[in-house]
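What follows draws every value from the coordinates through simple rules; no lab data is involved. Computed from a predicted structure; not experimentally measured. Here the Cβ is made from the backbone with ideal geometry for all residues, glycine too, and neighbour counts use every protein chain on show.
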Amino acid sequence: MVVLLLDDGLPIRVVIVEVKLAADPRKRLSWPAYVTVSRAFHGCSAALLIVAPDLGILSQKDPERLERWLEKAAVAASVAAILDEPS
């Protein structure tokens, strides 16, 4: 999903929202493209928001492992991860 934030009808921020239901090592290659293409297309800053309903999908319940994995993605723009482990 792509969320486009507007100010007086002009794009000021685009947020790419991706829900991760399974691990996919190829995302390290595609996530930078999502951000770069969205930024170029909309002419504004872009960010990637990763939503993982199950923390174990991305990090094996190790947030530091996830952080290292995301760093390897080499995403030049903002990358945010929301990890919500079900109670």
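Brief remarks follow.
- Note on residue 4 and residue 30: the model spin-label points, each 7 Å out from Cα along the C-beta direction, lie 2.2 nm apart.
- One decimal place: the segment residue 21-residue 51 gains 9.9 nm when fully extended, by the rule 0.36 nm per residue minus the C-alpha distance.
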